[in-house]
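The values are calculated or read from the model by the stated rules, or taken from the named source; none is laboratory data. Being a predicted model, the structure only gives us computed values, none of them experimental. Every residue, glycine as well, gets a Cβ built from its backbone with ideal geometry; the counts of neighbours run over all protein chains shown.
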Amino acid sequence: MATQSAAASTVQSLRERSVFALARTAVFSLSVLAFVFLWLLAFDFVLRGVFLAWVDPVLADTIHFVHDIALATWVWIWGAAMLVQLYRPAKRVAAMRIALLLTSIDFGLALALAAIEGAFDPSVLLFFAPVYLAAALHPARAELIPLGGLDGDAAKPVVLGIALLAVVPVLLYVSGQLTLRAVLTDEHRALGHYATMSYYGLSLVALAVLGAFGTRGRPSVYAAALLATMLAVSSVFNPTMSGLSPLWAALSVVWSLALVGSYERAVRNEASRRAARPVESADVSL
């Protein structure tokens, strides 16, 4: 009787776990779908604009060119990181980290500006809430946010060093954008462009630093390089407000290439070391 009771209890426990897992997966998928729907609905023109702005004479001549390209690039990275969660999300940990990081930077800046200016747009929660819910219910949640923090043993020192090189210039750039937001009342300020460029810059550095840790840093590194390159190219293509000078644009491209190159070199070196270990072990045994 005791054995039958234990077996029945085990079966019941398994059923409850199965139902919970199914519900968790369903809510996770719905949260991702909700975000993607809102992303496509709200940013339809922006998503197309990042391609059309370079060839459309009207869009290319606008005084908002740099702002528009920056917003579109950031939104593409943000949305794509969530979009890929619809297929095998357990293998999309790096992308989910990107979505979570960008959301947190944007949300954090929005709260900081709200505290200073006394105004907050609650509609942004429609975008932020699904990301946080998806992160909380992610199939690989333990890998997504390790309780032990970033894996220092897997850090890539050269990549991290190059990432940190951008900290001071980016912070100066962001402080300049926030100063413009505080002192100007132009249409850029009204459209929130200075805030956009602020979280754009912070995202660039944060992604680069994130990519220097762990074994899944490639998407973060490439996203950071893309942000830096797009800001540089748009600044040269149509120098407008918030754009970089030709010198800083060139340095941004060089930084992007150095970041990606150092990451790929570090990955190759790690692969070579792993491949050499069995040979070393065999030599010792002989």
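Please tell me if Val27 is surrounded by 10 or more Cβ atoms within 10 Å (Cβ to Cβ), over 30 Å from Val233 (Cα atoms) and at pLDDT below 85. So Val27 does not fit the description; no. Just the residues that are hydroxyl-bearing (Ser, Thr, Tyr), in contact (Cβ under 8 Å) with a residue 40 or more places away in the chain and either more than 15 Å from His67 (Cβ to Cβ) or not in a helix (DSSP H, G or I) (or both), please, taken from the range 213-239. Those that are hydroxyl-bearing (Ser, Thr, Tyr), in contact (Cβ under 8 Å) with a residue 40 or more places away in the chain and either more than 15 Å from His67 (Cβ to Cβ) or not in a helix (DSSP H, G or I) (or both): Thr215, Ser220. Of the listed requirements (1) surrounded by 12 or more Cβ atoms within 10 Å (Cβ to Cβ); (2) without any contact (Cβ under 8 Å) to a residue 40 or more places away in the chain, Ser262 misses just one: (2).
Residues that are of a type in the set (Asp, Glu), under 30 Å from Val267 (Cβ atoms) and modelled with pLDDT of 95 or more do occur in the range 101-117.
Of all the criteria given as (1) over 26 Å from Ile145 (Cα atoms); (2) of a type in the set (Phe, Trp, Tyr); (3) surrounded by fewer than 18 Cβ atoms within 10 Å (Cβ to Cβ); (4) in contact with a Ser or Thr (Cβ under 8 Å, 6 or more places away or on another chain), the one not satisfied by Phe65 is (3). Under the condition of being out of contact with any Phe, Trp or Tyr (no Cβ under 9 Å at 6 or more places or on another chain) and closer than 13 Å to Ile63 by Cβ, the residues counted in the range 176-188 number 2.
Residue count for the range 101-110 under the criterion of being surrounded by 20 or more Cβ atoms within 10 Å (Cβ to Cβ) and more than 13 Å from Ala223 (Cβ to Cβ): the result is 2.
Residues in the range 111-148 that are loosely packed, with under 13 Cβ neighbours inside 10 Å, of a type in the set (Asp, Glu) and assigned to a helix (DSSP H, G or I): Glu117 alone. Of the residues Leu14, Leu83, Leu33, the single one that is over 14 Å from the mean Cα position of the chain (by Cα), modelled with pLDDT of 95 or more and under 28 Å from Ala134 (Cα atoms) is Leu33.
Quick check: is even one residue across the range 221-229 among the hydrophobic types (A, V, I, L, M, F, W, C) and over 22 Å from Trp54 (Cβ atoms)? Looking through the range 221-229, at least one residue is among the hydrophobic types (A, V, I, L, M, F, W, C) and over 22 Å from Trp54 (Cβ atoms). Looking only at residues of the range 149-191 that are at pLDDT below 90 and under 18 Å from the mean Cα position of the chain (by Cα), we find that the one that is surrounded by the fewest Cβ atoms within 10 Å (Cβ to Cβ) is Gly149.
The C-beta contact set for the range 115-133 (first residue under 14 Å from Val36 (Cβ atoms), second residue of a type in the set (Phe, Trp, Tyr) and surrounded by 10 or more Cβ atoms within 10 Å (Cβ to Cβ), distance under 7 angstrom, 6+ apart or interchain) comprises Phe127/Phe35; Pro130/Phe35; Val131/Phe35. Please specify each residue of the range 228-247 satisfying the condition of being closer than 24 Å to Pro157 by Cα and surrounded by fewer than 24 Cβ atoms within 10 Å (Cβ to Cβ). The one that is closer than 24 Å to Pro157 by Cα and surrounded by fewer than 24 Cβ atoms within 10 Å (Cβ to Cβ): Thr229.
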